[in-house]
There are 2 protein chains.
Amino acid sequence: MSEAKAKPTGPTPPYFETIAGELAVGGKTVSALVDDAGDTPLFVYSTDALGARLAELRAAMPARLAIHYAMKANPFAPLLAWMNRRVDGFDVASGGELQIALDAGVEAERISFAGPGKRDRELELAIAKGVTLNCESEGEAERAFRIAEQLGVKPKLAIRVNPSFDLKGSGMKMGGGAKPFGVDAERVPALVKQIIAAGAEWRGFHIYAGSQALDADAIIAMQAQTLALAGQLADEAGYAPPHVNLGGGFGIPYFPGDAPVNLLAVGGALGEAFSALPASLKDTHFCIELGRYLVGEAGVYLCRVIDKKFSHGETFLVTDGGLHHQLAASGNFGTVIRRNYPVAIATRFDSKADEVQTVVGCLCTPLDRLSDSAMLPHAEVGDLVAIFCAGAYGASASPVNFLGQGPALEMLV
Amino acid sequence: MSEAKAKPTGPTPPYFETIAGELAVGGKTVSALVDDAGDTPLFVYSTDALGARLAELRAAMPARLAIHYAMKANPFAPLLAWMNRRVDGFDVASGGELQIALDAGVEAERISFAGPGKRDRELELAIAKGVTLNCESEGEAERAFRIAEQLGVKPKLAIRVNPSFDLKGSGMKMGGGAKPFGVDAERVPALVKQIIAAGAEWRGFHIYAGSQALDADAIIAMQAQTLALAGQLADEAGYAPPHVNLGGGFGIPYFPGDAPVNLLAVGGALGEAFSALPASLKDTHFCIELGRYLVGEAGVYLCRVIDKKFSHGETFLVTDGGLHHQLAASGNFGTVIRRNYPVAIATRFDSKADEVQTVVGCLCTPLDRLSDSAMLPHAEVGDLVAIFCAGAYGASASPVNFLGQGPALEMLV
């Protein structure tokens with residue numbers, strides 16, 4: 001039927017099962033889940049997968065390491081409520097996210113707030129509620145002092161440090177060289193003293209060097225550099241940091257050839273590092289903040305085949321989904337070269353893949369390609385397509401109003 | 001202050017003025033406009049600019065050519081209402097857009113609907129209202145027949161043709177080779193006969209080969225090929241098309257070195273082509289559908305400097321705007337290499353540009369860069385930054401919920 005050459009797809013996450021030939025989540029087939037939701041497209045987030053991932057992480061990491069959820073990855077309220085009972089803290093990136101977290105029942109004292117462009121009204125909300133602010137600049141710290149004074153509140157201030165190193169192999173570098181994030185390391189000790197002199201509660205350091213790395217050695221090296229930098233800054237400032245946020249960086253496999261992070265290696269190395277801390281970090285509370293790593297592989301995006309088309313020897317499955325819900329999967333967000341996410345014909349999950357088919361969305365733009373020339377089971381109009389790795393940076397990180405299509409449904413199972 | 005080397009920016013559109021040293025739109029300074037709106041970020045769309053663009057276009061194009069607005073570029077209701085009194089038709093890309101257009105007062109008979117993944121409920125709405133459907137496949141035409149029969153309505157059906165040529169130099173190719181859009185040209189005559197045999201009202205052809213081209217010769221060549229193809233398909237089908245939509249393709253200058261389309265050349269060539277039409281197209285109504293070209297340069301995005309930061313020799317203006325409103329300007333939508341849109345310090349519009357400054361958004365991601373190392377007037381916290389070419393694919397084509405920031409305000413002036 002199709003003369004096109006197959007292109008590889010990313011690895012399907014290990015958290016999904018097959019029931020009656022269909023992809024299933026939490027013991028229900030995708031058809032049943034879509035019936036429950038009432039429509040497509042639909043994001044399904046698996047609590048089994050979330051729980052398994054968190055358990056793996058807890059088992060591998062030193063007990064001393066707190067695990068925070070960076071809610072920017074997925075702010076779906078039921079998912080936040082689920083996380084709230086299971087993680088040690090939340091990181092928010094805006095006043096809007098802070099309000100969503102508070103509304104979902106997260107206690108303010110478990111929240112920290114990082115972000116380079118905090119407005120006065122966002123600082124006010126955070127300070128009034130008792131949230132920890134990761135100060136991104138001296139100017140922001142001064143605004144926080146002023147607002148706290150007006151409110152008659154002692155603000156909780158950590159310093160976001162712009163480290164001079166980055167995370168090797170990271171998909172998203174947040175450190176190394178000139179950056180809009182944090183305060184250059186050499187100016188941090190002075191700001192520590194200023195915060196303490198101003199009578200604020202100094203909460204320590206936030207050091208985030210990058211995200212989406214799969215190489216354990218790169219993460220181990222980054223964590224070692226982060227600890228060394230925290231110790232050095234503490235010594236220079238003359239104050240031991242109560243807390244150090246070691247950032248994130250743990251990636252998930254999206255693309256052909258990607259392999260999962262070796263968690264045991266990372267946890268083992270961090271445990272060794274914790275047993276050899278400098279004096280200034282002996283009593284420090286450490287955390288990591290993870291978003292994508294906690295939720296990315298737990299989500300699947302389901303859309304329905306509306307049309308099957310043949311054009312110049314190629315076969316297209318036209319779906320009711322698209323880049324308005326899954327911008328990253330279309331290759332239009334943070335990637336230079338488009339590669340295929342893991343994809344399946346969800347209603348024929350155990351069928352033989354023997355037909356090269358391109359999955360497109362319903363948008364009238366050539367950018368709206370969800371999977372290019374993948375070898376898939378023969379699909380028909382009415383079948384459901386699954387795009388995996390949809391738990392992070394999907395629904396909330398896509399142009400939902402584009403071409404008037406509106407939002408997808410979301411469901412925690 | 002800054003050691004960074006300046007990178008060039010795109011050309012500022014010709015529609016803006018200076019009042020009291022500030023950028024002004026419609027006789028008001030940006031400060032006054034932001035005061036009127038009540039907050040930043042703010043999209044301002046200039047009716048002066050919209051009117052000037054439309055007048056230039058009407059003057060250059062043959063009178064026989066109808067001008068349609070492709071509302072995907074900007075579906076802001078007041079802008080649609082403005083367009084409704086001035087263009088000859090509207091093109092929508094979803095049932096959602098169709099509803100927005102109807103709500104804005106656009107008459108259904110002036111609307112056509114193209115899009116590869118139309119659902120049954122979208123076909124129903126369009127057919128019931130008397131909208132022209134640009135059929136994207138034989139399967140969609142059959143669904144339209146069935147739905148029209150159920151509704152007891154004679155459907156208005158055009159055929160979207162997948163042409164074998166593309167638009168040279170186009171930023172967005174929609175024709176040439178295997179595509180999810182339209183019906184391959186060789187299968188079109190059979191579908192014409194099928195539509196007529198089914199008792200539908202055949203509306204003709206929709207042939208869209210690409211968008212965002214700046215080279216008049218490329219547009220002229222595409223229009224000639226489009227007319228030739230329409231004539232050939234009409235001859236093969238044995239039916240003269242009542243309407244032919246010649247597509248769009250007219251680009252706007254975004255980046256350094258871009259120059260506007262030579263409208264007079266395009267209009268002159270099209271006039272000549274119209275005077276030498278084959279018999280099958282003698283009585284055909286022709287239109288072009290333009291989105292970006294009509295509205296793109298009429299819009300400016302205004303955001304406020306929240307922080308001014310220095311990191312490793314570079315200067316950052318951190319604003320309350322970002323890629324959640326202006327994804328394309330951040331270089332993350334349909335472009336491989338990031339280049340700078342036209343940018344200005346709006347509150348110092350006539351000041352000397354003598355400082356290299358990078359404008360970033362408030363999002364906690366390195367992707368959120370609105371302008372990289374541009375030579376700009378010295379700016380301070382509180383200044384307004386303008387990103388131009390924000391009238392198309394801005395507010396509605398960006399991930400508005402990303403990081404909980406919420407939508408920008410919009411204003412037609």
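The values are calculated or read from the model by the stated rules, or taken from the named source; none is laboratory data. Here the structure is a predicted model, which means the values were calculated and not measured. Neighbour counts are summed over all protein chains in view; Cβ atoms, including those assigned to glycine, are modelled from backbone coordinates with ideal geometry. The protein model used for the area step is the full one, side chains on, heavy atoms only, and it has no ligands, DNA or RNA in it. Shrake-Rupley method; radii C 1.70, N 1.55, O 1.52, S 1.80 Å.
A few notes on this one:
- The loop-placed GluC sites (Glu not before Pro) in region A:306-408, going by DSSP, that have at most 16 neighbouring Cβ atoms within 10 Å of their Cβ come out as A:Glu380.
- Chains B and A together bury roughly 5400 Å² of accessible area, counting both sides, with a 1.4 Å probe on protein heavy atoms only.
- Within 10 Å of the Cβ of each residue in A:308-320, the mean number of Cβ atoms contributed by other protein chains is 6.
- Inter-label distance, nm, simple model (7 Å from Cα along the C-beta direction), B:Glu236/B:Ile19: 5.7
- Relative contact order of region B:134-264, pairs being alpha-carbon contacts under 8 Å that are 6 or more residues apart, as %: 26
- Once the Cα-Cα distance is subtracted from the 0.36 nm per residue extended length, the B:Ser275 to B:Lys7 segment shows a gain of 91.8 nm.
- Three-way shape label, the protein assembly as shown, alpha-carbon gyration tensor, a/c 1.5: oblate
- Where region B:75-290 is the region considered: accessible area per residue in Å², 1.4 Å probe: 35
- Kirkwood Rh in Å, taken over all unlike Cα pairs in region A:75-290: 17.7
- In the elastic network of chain A, a GNM with C-alpha springs shorter than 10 Å, the most mobile of A:Ala397, A:Ala346, A:Ala329 is A:Ala397.
- Available extension along the chain between A:Ser351 and A:Ala228 is 39.1 nm, counting 0.36 nm per residue and deducting the alpha carbon span.
- A straight line joining the Cα centroids of region B:370-408 and region B:253-270 runs 26 Å.
- Computed from the Cβ-Cβ distance with R0 of 56 Å, the FRET efficiency linking A:Glu380 to A:Lys193 stands at 0.25.
- Heavy-atom surface analysis with a 1.4 Å probe gives region A:75-290 a carbon and sulfur content of 53 percent of its accessible area.
- Calculated label separations, A:Gly268, copies of the chain, 7 Å along the beta-carbon direction, nm: 7.6
- Filter on A:Lys118/B:Lys309; A:Lys308/B:Lys72; B:Lys156/B:Lys193 - keep pairs with C-alpha separation over 19 Å: A:Lys308/B:Lys72
- Inter-copy spacing of B:Arg339 label points, which lie 7 Å from Cα along Cα→Cβ, given in nm from shortest upward: 2.8
- Qualifying lysines (Cα of each under 18 Å from Cα of B:Lys352; at least 8 residues distant if same chain): B:Lys5, B:Lys7
- When A:His68, B:His206 are compared by accessible area of protein heavy atoms, the largest-first order is A:His68, B:His206, using a 1.4 Å probe.
- Closest Cβ on chain A to the rotation axis that carries it onto B (distance rounded to whole Å): A:Pro399, 3
- Crossing angle, helix B:263-274 versus chain B [Cα axis fit, 0-90 degrees, rounded to tens]: 0
- Remark: mean inter-chain Cβ contacts per residue of A:132-141 equal 3, using a 10 Å Cβ-Cβ cutoff to other protein chain atoms.
- Cβ neighbours within 10 Å from other chains - mean over B:364-373: 5
- For B:Ser164, the point set 7 Å out from Cα toward Cβ sits 6.3 nm from its twins in the other copies, listed from shortest up.
- Relative contact order computed over chain A (Cα-Cα under 8 Å; 6+ residues apart), in percent: 23
- Spatial offset of region B:42-80 relative to region A:136-186 amounts to 44 Å, using the alpha carbon center of each.
- With a Förster radius of 51 Å applied to the beta-carbon distance between A:Leu264 and B:Ala221, the computed FRET efficiency rounds to 0.25.
- Where labels lie 7 Å past Cα in the beta-carbon direction, separation of B:Ala55 and A:Ser164 in nm: 6.0
- Per-residue surface analysis assigns B:Trp202 an accessible area of about 20 Å², computed on protein heavy atoms at 1.4 Å probe radius.
- When the Gaussian network model of chain B links Cα atoms closer than 10 Å, the mean-square fluctuations of B:Phe310, B:Phe333, B:Phe145 top out at B:Phe310.
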